[in-house]
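Inspection log for the structure reproduced underneath, given as structure tokens.
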Amino acid sequence: MTGRVTIVGLGPGDPRFLTPAASEALASATDLVGYGPYVGRVPERPGQRRHASDNRVELDRARFALDLAAKGSRVAVVSGGDPGVFAMAAAVFEAVENGDPIWRSLDIRVEPGITAMLAAAARVGAPLGGDFCAMSLSDNLKPWEVVEARLRAALAADFVVALYNPISSARPWQLGAAFKIVAETRGSDTPIILARAVMRPDERIRILPLSEVEASMADMSTIVIIGASTTRLIERPEGKAPFVYTPRSYGVRP
Ligand code: SAH
């Protein structure tokens, strides 16, 4: 069987942050499959077919890609950031696990990309320098009770927490509820990073204390990073944005 599916991470936006390996996978594909705006980020190539779809049908899109590959195509399934982080790679493997047994013998690969939390962290300093965790705040695919229990556990463990999918028009209240839960355990001066459209032309990054943050400051292109108790700011002169970092050491550095 010559067909292949490569699930490709496009990184946060700026093409300079696409890996050369991901670029090669895109260039050698006969077919591109993905959510419209991500397919739109890939330069058009003569002879390459583009199958853009809307965002709600991840599993259908995965099955479609696997079907094309089973017929001999070299398919690149594209995702923003890293395809393994709240994105298409898991959907493809879910389809393989539950679908046509022939899909199991296909050549399926994942090409990693820079995920939003790493891009955002790099913009402000080193907020993920200590232990951290990442969560999707979306309750589309899991119940809110699970989201809330995980958030509480992460806060109790004093992780820095990166929140993907913080808010959308269909999920307007969840981020506000999350900030309330954060305020139960973390101090009012805890640094919160709201990083929107990182490494895209409309990038906007804000660093605010927990007491001043509001859910309406985020949208679906924003990643929210909640500092741990050890996360701190280094203030700078002349209106320059502070650096934010989380030290690795708890005072036991040799
Ligand atoms: N696979 C993607 C994440 C998909 S979930 C990745 O690895 O980055 C979609 C969420 O990712 C968005 O709601 C937002 O929280 C975050 N996100 C993706 N790209 C972003 C960017 N350039 N800037 C800020 N947040 C981003």
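The numbers here are math on the coordinates, done by the rules we state, and not lab data. Treat the numbers as computed from the prediction; the structure is a model and nothing was measured. Cβ coordinates were reconstructed from backbone atoms using ideal geometry, including for glycine residues, and neighbour counts include every protein chain displayed.
Numbers for the structure displayed
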quantity: Whole-Hz ³J(HN,Hα) from phi, Karplus 6.51 cos²θ - 1.76 cosθ + 1.60, for the range 82-87, glycine and proline x; calculated: 9, x, x, 9, 6, 8
quantity: Globularity ratio of the chain, using Cα Rg and 2.2 N^0.38 Å; calculated: 1.10
quantity: The range 7-31-the range 122-169 distance, computed between alpha-carbon centres (Å); calculated: 27 Å
quantity: Residues with amide H under 5 Å from that of GLY129, placed H, sequence gap 5 or more; calculated: THR246
quantity: Estimated FRET transfer efficiency when R0 is 35 angstrom, pair GLU212-GLU97 (beta carbons, to 0.05); calculated: 0.20
quantity: For the range 4-114, Kirkwood radius (reciprocal of mean inverse C-alpha pair distance, Å); calculated: 13.4 Å
quantity: 0 to 90° range, to nearest 10: angle between helix 174-185 axis and the chain longest Cα axis; calculated: 40 degrees
quantity: Label zone at ARG49, where the point sits 7 Å out along the Cα-to-Cβ direction: the range 1-18 residues whose backbone N lies under 17 Å; calculated: 2-6
quantity: Burial ranking of peptide ranges 40-50, 216-226 (average Cβ count within 10 Å, highest at the top); calculated: 216-226, 40-50
quantity: ³J(HN,Hα) computed for each position of the range 224-233 - Karplus, 6.51 cos²θ - 1.76 cosθ + 1.60, integer Hz, glycine/proline x; calculated: 10, 10, 9, x, 7, 5, 8, 5, 9, 9
quantity: Percent of beta bridges antiparallel (DSSP, the chain, rounded to nearest 5); calculated: 40 percent
quantity: Helix 58-70 axis, angle to the chain major axis (alpha carbon atoms, nearest 10°); calculated: 30 degrees
quantity: Rel. contact order, % - alpha carbon contacts under 8 angstrom, at least six apart, the range 137-198; calculated: 34 percent
quantity: Highest-first arrangement of 112-122, 171-181, 236-246, where packing means the average Cβ count within 10 Å; calculated: 112-122, 171-181, 236-246
quantity: C-alpha center-to-center spacing [the range 183-212, the range 56-88] in angstrom; calculated: 32 Å
quantity: Given charges at beta-carbon only (K, R positive; D, E negative), |dipole| of the range 4-114 in Debye; calculated: 280 debye
quantity: Note, ³J(HN,Hα) from phi for the range 112-125, Karplus 6.51, -1.76, 1.60, rounded to Hz, x at Gly and Pro; calculated: x, x, 7, 7, 3, 5, 6, 5, 5, 4, 4, 5, 10, x
quantity: Counted charge near ALA91, where neighbours are those whose Cβ lies closer than 12 Å (Asp, Glu -1; Lys, Arg +1); calculated: -1
quantity: Rounded to 5, percent antiparallel among DSSP beta bridges of the range 117-245; calculated: 70 percent
quantity: Interchain or long-range residues, amide H under 5 Å from ALA134's placed H; calculated: ALA162
quantity: 5 angstrom amide H check on ILE7, placed H, neighbours 5+ away; calculated: VAL77, ARG109, VAL110, GLU111
